[in-house]
Each structure stands twice: as C-alpha cells, then as structure tokens.
Amino acid sequence: MASLASLKSEIFDREDRKRHYQAHIRGLNALDRHHQFVHDYVKYYGKESFSGEKLPIKTDQDTLREGYRFIRTEEDDMDTSWEQRLVKRYYDKLFKEYCIADMSKYRTGKIGLRWRTEKEVISGKGQFVCGNKHCDEKEGLASFEVNFSYSEAGEHKQALVKLVVCEGCAEKLHYRRNKEKQQSESRQKQEDKRNDELTGIDDETDEEHRKRVDRKITKSGISGYMEKEDSRRRRKRSSSKDTSDEEVERNKKEKKKGRREWTAGNRGGNENEDNFDEFLEGMFP
C-alpha cells in the first residue's frame with residue numbers, strides 16, 4: 001500500500017503538469033507546439049544540448065510570392081504541382097478588370113500595379129474610389145489605359161491594363177513623362193538660343209564685334225568669351241575658304257570660256273582671210 005507522502009507527491013506532479021500545459025502549450029499553434037515538444041525532449045532526454053537553430057520553413061505566402069504571375073499563360077497552367085495549384089487557386093479569386101496602384105515611388109518612375117481582391121471590389125476601390133493604394137478620393141476620377149512594363153521571373157513583359165485615378169494621382173502617374181518632356185523642351189530652347197547668338201556674332205562687322213566684346217569684358221571678364229571668339233574665327237575662316245574656293249572655280253570656268261571663244265575667233269579669222277584672197281584673185285587675173 002502506497003504511503004500518504006507518495007500519494008501527495010503524485011497529485012502535486014499531476015497538477016503541476018496540467019498548469020504547465022495550460023500556460024505554455026494550449027495557447028500555441030501546431031507548429032510552435034511541435035517546436036516546444038522537440039525542445040523539451042532534447043533538453044530533458046537528449047544527450048546533446050539543444051542548439052536552438054531554426055531551419056528555413058517555406059510557408060504558403062512564400063509559395064505565392066515565388067509562383068505568382070501577373071498574367072498567367074497556358075504553360076503556367078500545365079504545371080500540376082501543388083505549389084502551382086495553390087498559386088492558380090489564388091489567381092482565380094482575383095478580379096482582373098481594374099488595377100490597384102502603389103505610387104509611393106512615382107518620382108523615380110516606379111509604379112506598382114496589382115489586381116483587386118474581393119473586399120476591394122465590394123468597397124468600390126479602384127473603380128468608384130481612386131485606384132491609388134494610399135488615396136480615397138471619389139471626385140474627379142478618370143480612367144486610363146496604361147501600358148504596364150514589368151519584370152517577372154527574369155523576363156521583361158508588357159500588359160495593357162485599366163486604372164481609375166483622381167486628378168492628383170493622374171499627375172503622379174504621368175510625372176516621369178512630363179518631367180522628361182520639360183527637360184527636352186528646356187534643352188531645345190537653350191540650343192536655339194545658343195544658335196541665335198552664334199548667328200548674330202557671324203553677321204556683325206569687326207568693329208561691332210570689337211565694341212561688343214569690350215563691353216562684355218568690362219562687365220564679366222574675358223574668360224567667358226574665349227570659346228565664342230574661337231568659334232567665330234573658325235566660322236569666318238570656313239566662310240572665307242568657301243568664298244575663295246568659289247572664286248577659284250569661277251575663274252577657272254571663265255578662263256575655259258575665254259579660251260573657247262579665242263579659238264573660235266581664230267578659226268573665223270582664217271576663213272575670212274582665205275575668202276578675201278580669192279576675191280582679190282578674181283579682180284586681178
């Protein structure tokens with residue numbers, strides 16, 4: 001027969017295990033409970049100390065991120081692995097009429113697009129509310145057909161999608177294109193202005209050029225006008241060279257023309273002299 005002390009010890013141990021289970025085990029999910037059991041087993045029954053190293057675990061979210069495609073193809077549907085079945089099941093639940101945009105990096109031209117979920121369709125997000133992820137504007141909406149260029153699975157792809165945004169978000173959507181257009185227009189204006197200045201410098205006389213340079217030098221110094229002076233001289237040398245080449249060519253043509261006329265004149269003179277001799281022979285036989 002067991003003694004009273006042993007009975008008390010057994011009861012206390014059983015209650016202690018129950019409290020430990022309720023406090024540390026019941027509130028854990030299946031994965032954490034598994035890790036806890038393995039840890040306790042290695043700690044109390046294992047010969048080596050537990051290192052606590054966690055092995056990499058691939059969750060369903062990791063599988064979706066790895067196998068998700070913005071637009072699935074027939075080749076993607078041919079794969080029958082459980083990862084692709086999971087991805088396709090998630091893809092079929094999306095609504096692919098309008099997109100949701102992430103414009104947090106619109107200044108660098110990077111805008112992310114994704115399809116809408118069921119909750120967003122019910123709330124009207126992306127169709128009756130601005131499609132920007134961080135905007136809830138409902139007035140002044142406009143629909144845009146965007147050529148979405150993106151990189152996916154190591155390939156560069158393009159897709160034509162619809163996006164509904166407000167006026168402010170529309171400026172963000174076209175910010176990069178408008179910025180490049182403004183920069184190109186400013187560069188073109190500067191180039192036209194520079195060409196006009198060089199044309200005016202070529203047309204002015206030496207005296208006007210000297211006076212203008214003297215006025216500029218007194219204001220800002222000579223360093224800024226050395227390049228213009230060199231370009232002016234090169235232009236004048238090229239124009240004078242072209243003029244001299246034209247004059248030489250013209251002189252050659254005139255000489256050739258005079259030589260032809262002189263030859264024709266000599267021929268005409270010889271014929272006249274022969275006719276005159278015949279005439280005199282007829283008068284004085």
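A few remarks follow.
- The single condition among (1) out of contact with any helix residue (DSSP H, G or I) (no Cβ under 7 Å at 6 or more places or on another chain); (2) more than 24 Å from Lys162 (Cβ to Cβ); (3) among the hydroxyl-bearing types (Ser, Thr, Tyr) that Thr63 does not meet is (1).
- Here is the figure for segment 106-136: residues that are within 25 Å of Gly67 (Cβ to Cβ) and modelled with pLDDT of 90 or more total 13.
Each row is one residue, and each column tells you yes or no for (1) assigned to a helix (DSSP H, G or I); (2) open to solvent by less than 60 Å² (accessible area, probe 1.4 Å); (3) modelled with pLDDT of 80 or more.
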{"position": "Arg33", "(1), (2), (3)": "yes, no, yes"}
{"position": "Val42", "(1), (2), (3)": "yes, yes, yes"}
{"position": "Phe50", "(1), (2), (3)": "no, no, no"}
{"position": "Leu55", "(1), (2), (3)": "no, no, no"}
{"position": "Gln61", "(1), (2), (3)": "yes, no, yes"}
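- Near pairs, Cβ below 7 angstrom, 6+ apart or cross-chain, from segment 96-117 (open to solvent by less than 30 Å² (accessible area, probe 1.4 Å)) to any residue that is acidic (Asp, Glu): Ile100/Glu120
- Flag for Glu167 being modelled with pLDDT of 90 or more, surrounded by fewer than 10 Cβ atoms within 10 Å (Cβ to Cβ), within 21 Å of Ser104 (Cα to Cα) and of a type outside the set (Lys, Arg): no
- Tabulated pairs, segment 146-163, first small (Gly, Ala, Ser), second open to solvent by 90 Å² or more (accessible area, probe 1.4 Å), C-beta under 7 angstrom, 6+ apart or interchain: Ser149/Gln158
- Within segment 1-31, the only residue that satisfies the criterion of being open to solvent by less than 70 Å² (accessible area, probe 1.4 Å), closer than 29 Å to Asp60 by Cα and part of a helix (DSSP H, G or I) is Ile25.
The values are calculated or read from the model by the stated rules, or taken from the named source; none is laboratory data. Owing to the predicted nature of the structure, the values given are computational and were not obtained by experimental measurement. Positions of Cβ are generated from backbone atoms using ideal geometry, with glycine treated the same way; all protein chains shown enter the neighbour counts. In case anyone asks, the SASA skips ligands and DNA or RNA and just uses the protein heavy atoms, side chains included. Shrake-Rupley method; radii C 1.70, N 1.55, O 1.52, S 1.80 Å.
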